[in-house]
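Just so you know, all these numbers are worked out from the coordinates, no wet-lab data involved. Values in this document were obtained by computation on a predicted structure and should not be read as measured data. Here the Cβ is made from the backbone with ideal geometry for all residues, glycine too, and neighbour counts use every protein chain on show.
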Amino acid sequence: MSLGTVTPILRIFDEAMTREFYVDFLGFKVDWEHRFEGNFPLYMQVSKDGCLLHLSGHFGDCSPGAAIRIATTDVDAYQAELIAKEYKHARPGVEEAPWGGREMSIKDPAGNRLTFYNREPEISA
């Protein structure tokens, strides 16, 4: 028995701001979108490299204000890339975490907190 990857579901409200944040700013791509009918809430998957996120406008799927951690190979390089975009809603900084390592936290338009951190190198057994 083994466990697989985790795909968080984050609550969204404003579809245009959500796309601007995740696609234009963070550099994710939209993999697919779903609506049960034309005027129903959006449910979509976005991805960047090995990171998958589900974003949902449905009331019952999840609560706004979630917090997730996303491993990266170079949080400083990602932060420099984001700052260069001059996004008007966020200018994230990188900080030393009290428990060690470097991380960068950003809130999306629905108040969900995404913390990007440097992944520890894997240790061979």
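With q set to 0.13, 0.24, 0.29 Å⁻¹, the log10 of I(q)/I(0) for the stretch 32-80, from the Debye formula over equal scatterers at the Cα positions, is -0.45, -0.99, -1.16.
Extension gain, ALA16 to HIS54, is 12.1 nm, computed as 0.36 nm per intervening residue step minus the present C-alpha separation. Charges were assigned to the Cβ only: +1 to each Lys and Arg, -1 to each Asp and Glu. The resulting dipole of the stretch 45-101 about its Cα centre is roughly 220 debye. Once the C-beta distance of ILE83 and LYS107 is scaled by a Förster radius of 25 Å, the resulting FRET efficiency is 0.95 to the nearest 0.05.
Given R₀ = 41 Å, FRET efficiency for ARG35-ALA90 by Cβ-Cβ distance, to 0.05?
The computed FRET efficiency comes out at 0.90.
With Cα atoms defining each centre, the stretch 102-119 and the stretch 9-31 are spaced 14 Å apart in the structure.
Projecting the Cα atoms of GLY50, ALA66, GLY93 onto the charge dipole of the chain, computed from C-beta unit charges around the Cα centre, puts ALA66 farthest toward the positive end.
Across the chain, the fraction of Cα-Cα pairs farther apart than 17 Å, rounded to a whole number, is 60%.
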